[in-house]
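Here the structure comes first, spelled out in structure tokens, and everything after it is commentary.
The values are calculated or read from the model by the stated rules, or taken from the named source; none is laboratory data. Only a predicted model underlies this, so the values are computations on that prediction, with no experimental measurement involved. A quick note on method: Cβ atoms are made from the backbone with ideal geometry, for glycine too, and the neighbour counts reach across all protein chains shown. Ligands, DNA and RNA are excluded from the accessible area calculation, which covers all protein heavy atoms including side chains. Shrake-Rupley method; radii C 1.70, N 1.55, O 1.52, S 1.80 Å.
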Amino acid sequence: MYIYGKNVAKEKINSGEKINKIYLADKFNDIDIMNLIKEKKIKYNIVPIKYLDNKVDGLHQGIVLEVDDVETYDFDYLKTIKKDNPILVMLDHLEDPHNFGAIIRTCEALGIDGIIIPNDRNVGINATVVKTSAGSIYNMPIIRVANLSASINKLKDMGYWIVGTDMDGENYTEIDYNMPICLVIGNEGKGMSKVIGDNCDFIAKIPMVGKINSLNASVSCGIVLANIIASRK
């Protein structure tokens, strides 16, 4: 997989994880990154900028890394979380890589314990996701599962309460979040599927007073997560 952009490159190089190749544009002049590459003793190739333009789709900022695919985990990873009242996010068949990357970035910043995604009919982990996450994906556990409904039932058995998000629900600020929480974010166009909504313990809505009556998935996720954390204090 190719990942690109200065922030992503810094995060990956600092992680100490394997980097197969680094490609730098012939006019690349970020001294901090160059010093970091030399400090870590990573070999790099200087190439024409058009070579990078042809290699990736997106703003690469003169640096492209060839790396192994992002590591993901299975459901059993969640059993290793040993803390009071953990917070998880479940994505119900998200399609936009920018939304996915932004949610990862928000979750990592807020200290969320993991993101659950389905194996199929969900945006994959690609270069756009990695770049939009600003490299935070390397610090955020991504858990892949075969079936979201079955995973919800397992989470309930583990003591989690499932909070869905929809316009037909109760005010998100009025829910008691002092318990293990899994927040479900629905598809950008269709929202949560009915079977997932029916399995939620709570449905949270963000009241709207403006002319626009909806928010994109990543913004909604950030608002509700910030409130969950603030309410616990």
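Can you go through 17, 11 and tell me which one is modelled with pLDDT under 90, buried (at least 17 other Cβ atoms within 10 Å of the Cβ) and either not in a helix (DSSP H, G or I) or not aromatic (Phe, Trp, Tyr) (or both)?
Values: 17 fails: buried (at least 17 other Cβ atoms within 10 Å of the Cβ).
Step by step, each of 17, 11 is checked, and only 11 is modelled with pLDDT under 90, buried (at least 17 other Cβ atoms within 10 Å of the Cβ) and either not in a helix (DSSP H, G or I) or not aromatic (Phe, Trp, Tyr) (or both).
Report yes if residue 53 is surrounded by fewer than 18 Cβ atoms within 10 Å (Cβ to Cβ), farther than 23 Å from residue 150 by Cα and of a type outside the set (Val, Ile, Thr), otherwise no. Yes: the conditions hold for residue 53. Regarding residue 58, is this residue open to solvent by less than 40 Å² (accessible area, probe 1.4 Å), modelled with pLDDT under 95 and in a loop (DSSP other than H, G, I, E, B)? When the stated conditions are applied, residue 58 does not pass them.
Across segment 128-173, the qualifying residues are those that are more than 24 Å from residue 233 (Cβ to Cβ) and of a type in the set (D, E, K, R), and the one among them that is surrounded by the most Cβ atoms within 10 Å (Cβ to Cβ) is 131.
Here are 171, 199: which of them is touching a helix residue (DSSP H, G or I) at 6+ places or on another chain (Cβ under 8 Å), more than 21 Å from residue 106 (Cα to Cα) and of a type outside the set (Phe, Trp, Tyr)?
199
Candidates are the residues of segment 179-194 that are modelled with pLDDT of 95 or more and either open to solvent by 20 Å² or more (accessible area, probe 1.4 Å) or among the basic types (Lys, Arg) (or both); the one that is nearest to residue 89 (Cα to Cα) is 180.
Can you list the strands (runs of 3 or more DSSP E) lying wholly within segment 83-155 that have 2 or more residues being free of Cβ contacts under 8 Å to residues at least 60 places away in the same chain?
Details: elements: 87-91, 114-118, 142-145.
Those strands (runs of 3 or more DSSP E) span 114-118.
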